[in-house]
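Here is the structure we will look at, set down as structure tokens.
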Ligand code: NAD
């Protein structure tokens with residue numbers, strides 16, 4: 001019975017199944033494949049919170065009209081090094097990649113690009129866009145807000161939910177290696193990780209959540225059952241401060257709206273993103289920069305590990321390690337998430353016989 005299986009699934013099979021769900025829901029084959037590949041890559045990199053577990057909400061948002069499967073990146077303002085892109089509530093994975101394509105073309109002429117990417121349905125793993133820049137040899141910085149639904153994160157010192165997980169990302173290219181990728185929610189943990197813990201009936205790490213009185217709790221249910229608590233920011237006032245800047249720059253400057261209550265919250269996921277792309281050659285030159293990057297990483301790696309740690313890593317390394325492991329061993333998916341995905345596949349129009357064949 002496919003509804004009871006504990007999953008460890010091959011990434012190619014999972015990507016094909018995911019793409020079929022989205023074509024059944026109305027997306028074209030190339031769009032469905034791009035979204036599926038992005039989600040499965042998030043799982044491969046260890047971010048199950050931003051992987052195929054998002055399928056049920058994407059399918060729901062397609063059917064209720066909040067996610068337009070045929071929307072693409074549209075340039076709505078072009079001032080040389082400053083560009084504005086509207087995503088038309090299309091798949092963030094497609095619109096975001098297209099926006100980066102445009103930025104990478106422009107940065108060759110201008111040395112720096114500042115781009116607003118607004119009205120995207122969920123952009124997924126923000127690191128994907130940073131990696132796209134990094135692999136092409138550019139530095140990138142991303143400030144993101146998340147709107148269209150009720151807020152989940154309390155400001156430092158507060159107990160009410162006022163903000164979201166506001167991801168921040170910064171990527172540094174390396175000539176001979178994978179880019180360095182800092183890609184993080186500014187909440188203590190990503191909301192998706194609370195969802196995954198809730199699905200598995202596991203506690204979340206201490207300090208990530210507060211209950212309805214603002215007291216620390218590790219019970220993920222406070223995010224889903226009354227009386228509601230909230231996610232806290234990472235790093236107390238500093239993480240909160242960075243989240244405020246992501247909200248204002250991503251949502252206010254680049255985007256169309258912030259998490260204020262007068263703006264629409266129909267239960268969808270909209271990301272607005274401010275993205276900066278920098279050509280190292282336009283600064284002190286690539287060679288000197290890369291020398292510093294290589295030697296600094298070497299210096300960091302040579303740190304004696306603290307008790308309880310195997311070694312010191314740089315940002316992006318845990319994801320590379322997860323990628324290697326999961327490419328070889330498969331992607332683990334908990335039963336509850338898998339049931340949700342199968343149900344969404346059915347809602348998208350796939351019949352059980354086809355589902356069985358796709359995941360056999
Ligand atoms: P995380 O806490 O797992 O990792 C954050 C960063 O820390 C990563 O760059 C990682 O490489 C680095 N890191 C982790 N362990 C490390 C170590 N031991 N040494 C050195 N560096 C280390 O990530 P997260 O905050 O849970 O975010 C998960 C994903 O959620 C991200 O891809 C983010 O873009 C995504 N997200 C998206 C949205 C959205 O609305 N689209 C919202 C929130 C988060």
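Worth a mention:
- If the condition is being part of a helix (DSSP H, G or I), over 22 Å from residue 316 (Cβ atoms) and within 14 Å of the ligand (Cβ to nearest atom), then region 95-137 contributes only 95.
- Exactly one residue out of 286, 342, 278, 274 is in contact (Cβ under 8 Å) with a residue 60 or more places away in the chain, surrounded by 14 or more Cβ atoms within 10 Å (Cβ to Cβ) and under 30 Å from residue 199 (Cα atoms), and it is 342.
- Taking region 184-212 as the range and being part of a loop (DSSP other than H, G, I, E, B), at pLDDT 90 or above and within 22 Å of residue 241 (Cα to Cα) as the test, the residues that pass are 185, 186, 188, 189, 205, 208, 211.
- Those residues of region 147-178 which are surrounded by fewer than 24 Cβ atoms within 10 Å (Cβ to Cβ), within 12 Å of the ligand (Cβ to nearest atom) and in a loop (DSSP other than H, G, I, E, B), in sequence order: 148, 149, 152, 178
- Within region 163-204, if we keep just the residues that are without any contact (Cβ under 8 Å) to a residue 60 or more places away in the chain and within 12 Å of the chain's Cα centre (by Cα), the residue that is farthest from residue 221 (Cα to Cα) turns out to be 169.
This table checks each residue for (1) touching a strand residue (DSSP E or B) at 6+ places or on another chain (Cβ under 7 Å); (2) surrounded by 21 or more Cβ atoms within 10 Å (Cβ to Cβ); (3) farther than 17 Å from residue 335 by Cα.
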residue	(1), (2), (3)
15	no, yes, yes
33	no, no, yes
36	no, yes, yes
43	yes, yes, no
53	no, yes, no
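- Among the residues of region 230-247, the ones that are touching a residue at least 24 places away in the same chain (Cβ under 8 Å) and either closer than 27 Å to residue 76 by Cβ or not in a helix (DSSP H, G or I) (or both) come to 10 in all.
- Matching residues, region 76-94, being surrounded by 14 or more Cβ atoms within 10 Å (Cβ to Cβ), free of Cβ contacts under 8 Å to residues at least 60 places away in the same chain and part of a strand (DSSP E or B): 82, 83, 85, 86, 90
Conditions tested, residue by residue: (1) in contact with a strand residue (DSSP E or B) (Cβ under 7 Å, 6 or more places away or on another chain); (2) away from the ligand (no atom under 16 Å from the Cβ).
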position	(1), (2)
266	no, yes
270	yes, no
273	yes, no
282	yes, yes
325	no, no
351	no, yes
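- Filter result for residue 289 (part of a helix (DSSP H, G or I), touching a helix residue (DSSP H, G or I) at 6+ places or on another chain (Cβ under 7 Å) and more than 16 Å from the ligand (Cβ to nearest atom)): yes
The values are calculated or read from the model by the stated rules, or taken from the named source; none is laboratory data. Computed from a prediction, not measured in an experiment: that's the story for all the values here. Note that we place each Cβ from the backbone using ideal geometry, even for glycine, and neighbour counts take in every protein chain shown.
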